[in-house]
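Contents: one structure, followed by commentary.
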Amino acid sequence: MHGLGDDDSLAAWLRAGWADAVLLGPDRVVMDIVPAGGRDFTGTATWAPLLHTARTPSPPAGAPGTAC
């Protein structure tokens with residue numbers, strides 16, 4: 001893993017077996033991990049609401065009820 005913008009400590013941490021995946025915020029703060037051997041992120045309830053916006057997504061073009 002190159003180009004992470006850190007001093008290679010994150011890659012070393014992952015290689016050491018502490019986690020199989022990591023979710024980093026834009027400020028490089030670890031928001032959640034998939035523990036080594038785990039299947040899912042562990043703290044989804046904490047960070048998932050941060051992914052939602054106040055904006056309602058538009059339906060895809062051609063979807064029922066949309067103008068052509």
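The values are calculated or read from the model by the stated rules, or taken from the named source; none is laboratory data. Since we're looking at a predicted model, the values are computed, not measured. Heads up, the Cβs are rebuilt from the backbone with ideal geometry, glycines too, and the neighbour counts pull from every protein chain shown. Side chains are part of the model used for accessible areas, which takes the heavy atoms of the whole protein and leaves out ligands, DNA and RNA. Shrake-Rupley method; radii C 1.70, N 1.55, O 1.52, S 1.80 Å.
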When segment 6-17 is checked residue by residue, the ones that are more than 17 Å from the chain's Cα centre (by Cα) and not hydroxyl-bearing (Ser, Thr, Tyr) are Asp6, Asp7, Asp8, Ala12, Trp13, Arg15, Ala16, Gly17
Would you please list the contacts, defined by Cβ atoms under 8 Å and residues six or more apart or on different chains, that run from a residue in segment 17-36 that is under 16 Å from Ala48 (Cβ atoms) to a residue that is among the polar types (S, T, N, Q)? Met31/Thr46; Asp32/Thr42; Asp32/Thr44; Asp32/Thr46; Ile33/Thr42; Val34/Thr42
Those residues that are modelled with pLDDT of 85 or more and open to solvent by less than 80 Å² (accessible area, probe 1.4 Å), I need them from segment 37-53; list them, please. Gly37, Gly38, Phe41
